[in-house]
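The values are calculated or read from the model by the stated rules, or taken from the named source; none is laboratory data. Small disclaimer: the values here were computed from a predicted structure and weren't measured. Ideal geometry is used to build each Cβ from the backbone, glycine not excepted, and the neighbour counts take in all protein chains shown. Note: accessible area is taken over every heavy atom of the protein model, side chains too, but ligands, DNA and RNA are not part of it. Shrake-Rupley method; radii C 1.70, N 1.55, O 1.52, S 1.80 Å.
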Amino acid sequence: MLTLLPFYVQAQARADTTKSNSLAGKAFRLGRSYITTHKKDTVINESSVEVNKVYRGKIIRHIYLEHIALERSIYDSTKRTKKIVATLANAFHGTTKESIVRQHLFIKEDDPLNPEKLSNNERYIRDLDFILDCRIVVVPLPDESDSVDVSVITRDVFSLGIRVGGSPTAPLFGIYDANLAGLGQRLEFIGVLDGTQRPTFTSAAYYRKSSVFGSLANVEFGYTQLNTGVSFGDEPEYAYYVRATRPLVSPYSRIAGGLEFSNNWSHNLDQEPDSAFLRYDYKVSDIWLGYNFGVKRNISNRKRLFLAVRFFDGAYLDRPDQVPYDDVIKYNSASAVLGELTFYKQDFYRTRYVFGFGRTEDVPYGLSLSYSLGYLDQLDTRRPYSAVKFRYSVANRKGNFYGSPLIPVLAPPEKNGLTARFSFLPQRPLCLRYTSSVESIQYPRQRKQNKTATF
C-alpha cells in the first residue's frame, strides 16, 4: 500500500492540474468573448459589478493570467492580422510580462471576492496606456461552493509610436515606446526644428514607470526644452523634474498621494535683447497626501469621505531684473497649504461605442461635494482660500448618460489667475483619480506674446 501511495499522489496532482487548466481555459474563452467584438454588435450598457454579485464573499482560490496576441483583432473576433504583419509587430512590440500585470492587481488570492473591488481593478488595468482592453472573469468551482477562480485577460496596445506635428516652419516629431521591454515603462523623445530660434533644435525626453514594485505608484523623470514644464513665466522655459503619484484606484483603497520637484529657468530662444528678455530661475516643490474614509463599510455601500492636504512651494532663485516686474505675482516666490474634504459616491457603466470604436469603456456616474480651505503666502501677504465644488452625473435605464460640469458653489475671486493656478485637485469625475499630469505627455505650449507687467 505504501508503495502505491506516491503513484496515487502523482495521479491526483495531474488530475488537479488538468482540472485547473480546463477552468482557466474556460475563463479565457469567456473573457475573450467579452473583449472581442463583432460587426453586428450594438451598444450595450451594463453595470460593471452586477454580473459578479452572485460570487460575493467567496474565497479567491487562484488568479490566472491570459493574454490575447496582437494578431487577433478585438474589434472583430473572426478577423486576424496577416502573418507577416503580425510577425513584424511581435518582433518590435514588448509583450507585457505576467509579473507586470500582477503588479497592477489589488485583488489577492485567499481573499473574499468583492465584486466592486474586482470591477475597479479591471477598470484600472484597462486605463493603463499600454493595455488596450482587460476583462476579469470569475469561474465558479463545481466541487467547491465556497471558492472561485479568477482569470485576468488582457490585450496589449502596440507600444511603439511616432508623433508628427508643429508647423511648416517649426516641425515637431517624436518617438515613444509605451511599454519598453514589456515592463510597464514608457520612454519618449520629442524634438522641434525651428530655424527662427537659437538653438534651432530643441527637445524633450521623458521616462515613466507604472506601479513601481507593485505599489500602484507611478514615477516619472523628465527633461524638456519645449516649455512643457510647470511654466509659470512668460518666456520659453527649460526644466527637469521628477514626479511620483499614487492614485486612489478604488473606493476600497486608503491612501493616495503625489509629489513633484522641478527646476525651471527661462531661455532666450528668440535672441531678444537683454533689456526685453526676462531672465529668471525657480524651483517648485509640490506634495499632497490623501486618506479615504469608509473602506470598511458594507461592501455594497460606496459612499466615501476623502481628506487631502497639499503643500506647495515655488521659490525664485533668480528674478527678472526689470523694475516693472518687481511686484508681479508670478515672478515672486509663493507657498501654500491647502486642505480639501470630499464626499463622493461613484459607480460605472461598462459600455462600447460611446467614445471609441468598440473598445470597452467605463462611464462614471454619481456625485461629489468638496470643501477646500487653506492659505497662500506671497508678496509678504497671507491670503485665505476657500471653495465649495459640486459635481453630479446619472445613467438611466435606457442607457443615456447625463452629467453636470464642475460647479464652484463658493470660490474666491481670481487675481491674475492665482487661484486657478493653485487649484490642486484635477478635474476628474468624482475625484477618484487624484493624479497630476503624469498620465499625459504635453505638447509644447504656444509661444507667449505681448509680455506685460500686471499688478
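Ordered from highest to lowest accessible area with the whole protein assembly present and a 1.4 Å probe, Arg246, Arg135 read as Arg246, Arg135. The order of Trp265, Trp288 by accessible area, most exposed first and with a 1.4 Å probe, is Trp265, Trp288.
Quick one: with all protein chains in place, what share of the accessible area of segment 86-185 is carbon or sulfur, to the nearest percent (1.4 Å probe)? Result for segment 86-185: 59 percent of the exposed heavy-atom area is carbon or sulfur.
Just how many % of Cα pairs in segment 132-274 lie over 23 Å apart, if you round to the nearest whole percent? Everything past 23 Å amounts to 55 percent. Over 18 Å apart at the Cα level, from the set Lys97/Lys209; Lys108/Lys209; Lys117/Lys345; Lys117/Lys303; Lys53/Lys117, are Lys108/Lys209. Averaging 1/r over each pair of different alpha-carbon atoms in segment 240-376 and inverting the result gives 18.8 Å, the Kirkwood hydrodynamic radius. Residues in segment 94-147 average 36 Å² of solvent-accessible surface per residue, probe 1.4 Å, ligands and nucleic acids excluded.
Summary of packing: across the peptides 325-338, 110-123, the per-residue average of other C-beta atoms within 10 Å ranks them, highest first, as 110-123, 325-338. Per-residue SASA remark: Lys97, around 90 Å² accessible (1.4 Å probe; ligands, DNA and RNA not included).
Based on protein heavy atoms only, segment 219-361 ends up with 42 Å² per residue of surface accessible to a 1.4 Å probe. Compared with the rule-of-thumb size 2.2 N^0.38 Å for a compact globular protein, segment 301-350 has a Cα radius of gyration ratio of 2.03.
Of the solvent-accessible surface of segment 259-390, computed with a 1.4 Å probe over protein heavy atoms with every protein chain present, carbon and sulfur atoms account for 59 percent. Take Val212: with every protein chain present and a 1.4 Å probe, its accessible area is about 40 Å².
Largest to smallest in accessible area, the residues Leu88, Leu180, Leu226 fall in the order Leu88, Leu180, Leu226 (1.4 Å probe, all protein chains included). Can you give me the C-alpha center-to-center distance between segment 251-315 and segment 231-250, rounded to a whole angstrom? Cα centroid to Cα centroid, the span is 8 Å. Rg ratio for segment 189-235: its Cα radius of gyration over 2.2 N^0.38 Å, N being its residue count, equals 1.55. Per-residue SASA remark: Arg297, around 100 Å² accessible (1.4 Å probe; ligands, DNA and RNA not included).
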